[in-house]
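The values are calculated or read from the model by the stated rules, or taken from the named source; none is laboratory data. Here the structure is a predicted model, which means the values were calculated and not measured. All Cβ positions, even for glycine, are placed from backbone atoms using ideal geometry, and neighbour counts span all protein chains on display. The accessibility values were calculated without ligands, DNA or RNA, using every heavy atom of the protein model including side chains. Shrake-Rupley method; radii C 1.70, N 1.55, O 1.52, S 1.80 Å.
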Amino acid sequence: MGEGQPFIGSEALAKGVVNRHELRRYYRAVMPNIYLDQRAEPSLRDRSRAAWLWSRRQGVVSGLAASDLHGSRWVDDDVPVELIYSNARAPQGVVTRDDLLLEEEIQRLNGLPVTTPERTAFDLGRRDRIGRAVERLDALARATDFKASAVAELADEHRRARGLRQLEKALDLVDAGAESPRETALRLLLIGAGYPRPQTQIPVLSPDGNRQYYLDMGWEELMLAVEYDGDHHRVDRTGFAYEIERAEDISAVGYLVVRVAARHRRADILRRVGRAWDARTR
């Protein structure tokens, strides 16, 4: 029973760590027989540990919860915790899957059994729509640098699993250079429109050679880039000033940049990119 961590109520009572009065007063059940300090708002990692304890320490954390434990960004705290575990009667907020899981597809992270990055990618790539799957794989690749070839080899051991065709397509589209789901979606939009696959994180030196920048995506040979602008550029004064200087430097060395924001419609994005493409390829 670590401080601030979920624990099994019956175990804590049996060991004398808490009494029944303390258990009722200071803790709350987040899952059957699994308790947490009532003042704490459980994170996804807290809920992952709680789900594992609920499984009598037999389940293996998988899916998005495993991706979060591997360090992926952009995983919401309220997503269901997926466990590879045979009990189908899971509590609210937990999804159990009675899937084949090989010993080499499991590792320990912070004391929890978790699917390896390759097995996590195998699961994420097969589920949901392909765009969402690639977004999740991009984030996992950025966090772990898993190799698509290793995931494909793992898939050979699970030839009866569902979603293998989508997994193959998703792995072909993975790019660890994406820094957000929006960037992934933008890259997939360009690929889907027939453009050559854009390079990500293109390095660019300032005219004086003293500063280096990285462009979200584009075609280095054409000196054409497409960048997604998040709202943080406009609310952070220091960042806003930096972005002005950065944009001037990138333009000065000859790059044409199409800037995209969340409010832009797909058709408008493609129209603007098409116009820039024509300007560079005439």
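Which condition number in (1) surrounded by fewer than 21 Cβ atoms within 10 Å (Cβ to Cβ); (2) in contact (Cβ under 8 Å) with a residue 12 or more places away in the chain; (3) acidic (D, E) is the one that E103 fails?
Of the numbered conditions (1) surrounded by fewer than 21 Cβ atoms within 10 Å (Cβ to Cβ); (2) in contact (Cβ under 8 Å) with a residue 12 or more places away in the chain; (3) acidic (D, E), the odd one out for E103 is (2).
Of the residues A241, A193, which is out of contact with any Lys or Arg (no Cβ under 7 Å at 6 or more places or on another chain) and farther than 30 Å from I130 by Cβ?
Among A241, A193, only A241 is out of contact with any Lys or Arg (no Cβ under 7 Å at 6 or more places or on another chain) and farther than 30 Å from I130 by Cβ.
Given the conditions (1) touching a strand residue (DSSP E or B) at 6+ places or on another chain (Cβ under 6 Å); (2) among the hydrophobic types (A, V, I, L, M, F, W, C); (3) under 26 Å from E179 (Cβ atoms), report the number of the one that V75 does not fulfil.
Every listed condition holds for V75 apart from (1).
From the list R182, R187, pick out the single residue that is closer than 19 Å to R272 by Cβ and either open to solvent by 60 Å² or more (accessible area, probe 1.4 Å) or among the hydroxyl-bearing types (S, T, Y) (or both).
Being closer than 19 Å to R272 by Cβ and either open to solvent by 60 Å² or more (accessible area, probe 1.4 Å) or among the hydroxyl-bearing types (S, T, Y) (or both) holds for just one of R182, R187, which is R182.
Which one of the conditions (1) farther than 23 Å from L189 by Cα; (2) open to solvent by 40 Å² or more (accessible area, probe 1.4 Å); (3) touching a residue at least 60 places away in the same chain (Cβ under 8 Å) does V94 fail to meet, given that it meets all the rest?
(2)
State all residues of segment 32-70 that are open to solvent by 40 Å² or more (accessible area, probe 1.4 Å) and part of a loop (DSSP other than H, G, I, E, B); if no residue qualifies, say none.
Within segment 32-70, P32, N33, Q38, R39, E41, R56, R57, Q58 meet the criteria.
Looking at (1) of a type in the set (A, V, I, L, M); (2) in a helix (DSSP H, G or I); (3) open to solvent by 10 Å² or more (accessible area, probe 1.4 Å), which one does V75 not meet, given that it meets all the others?
(2)
On the given criteria, is A29 more than 25 Å from the chain's Cα centre (by Cα), part of a loop (DSSP other than H, G, I, E, B) and of a type in the set (A, V, I, L, M)?
So A29 fails the test.
Inside segment 189-228, can you point out the residues that are within 19 Å of A170 (Cβ to Cβ) and assigned to a strand (DSSP E or B)?
T200, M217
Determine, yes or no, whether H70 is closer than 28 Å to E103 by Cβ and not aromatic (F, W, Y). Steps first, answer last, please.
On the way: closer than 28 Å to E103 by Cβ: yes; not aromatic (F, W, Y): yes.
So H70 fits the description; yes.
Is there a residue being acidic (D, E), part of a loop (DSSP other than H, G, I, E, B), open to solvent by 70 Å² or more (accessible area, probe 1.4 Å) and within 20 Å of A178 (Cβ to Cβ) anywhere in segment 232-239?
As a first pass, look at segment 232-239 and keep what is acidic (D, E): 236.
Add one more test, that the residue is part of a loop (DSSP other than H, G, I, E, B), and what stays is 236.
Of the ones still in play, those that are also open to solvent by 70 Å² or more (accessible area, probe 1.4 Å) are 236.
Checking the rest, the ones that are also within 20 Å of A178 (Cβ to Cβ) come to none.
No.
If you scan segment 6-37, which residues turn out to be closer than 18 Å to P91 by Cβ and polar (S, T, N, Q)?
Matches in segment 6-37: S10, N33.
Tell me, which residue of segment 1-31 that is open to solvent by less than 50 Å² (accessible area, probe 1.4 Å) and closer than 17 Å to L109 by Cβ is modelled with the lowest pLDDT?
Top of the filtered list is G2.
Considering only segment 240-273, how many residues are farther than 18 Å from E220 by Cβ, surrounded by 11 or more Cβ atoms within 10 Å (Cβ to Cβ) and touching a residue at least 60 places away in the same chain (Cβ under 8 Å)?
So the answer is 4.
Could you tell me which residue of segment 224-239 is modelled with the lowest pLDDT, considering only residues that are in contact with a strand residue (DSSP E or B) (Cβ under 6 Å, 6 or more places away or on another chain) and of a type outside the set (D, E)?
Top of the filtered list is Y228.
Select from segment 257-275 the residues that are in contact with a helix residue (DSSP H, G or I) (Cβ under 9 Å, 6 or more places away or on another chain) and assigned to a helix (DSSP H, G or I) and list them in ascending order.
R266, I269, L270, V273 - these are the residues of segment 257-275 that are in contact with a helix residue (DSSP H, G or I) (Cβ under 9 Å, 6 or more places away or on another chain) and assigned to a helix (DSSP H, G or I).
Show the residue pairs that are 6+ apart or on different chains and have beta-carbon atoms under 8 Å apart, the first residue being within segment 204-218 and without any contact (Cβ under 8 Å) to a residue 12 or more places away in the chain, the second being part of a loop (DSSP other than H, G, I, E, B) and surrounded by 13 or more Cβ atoms within 10 Å (Cβ to Cβ).
Q212/S206
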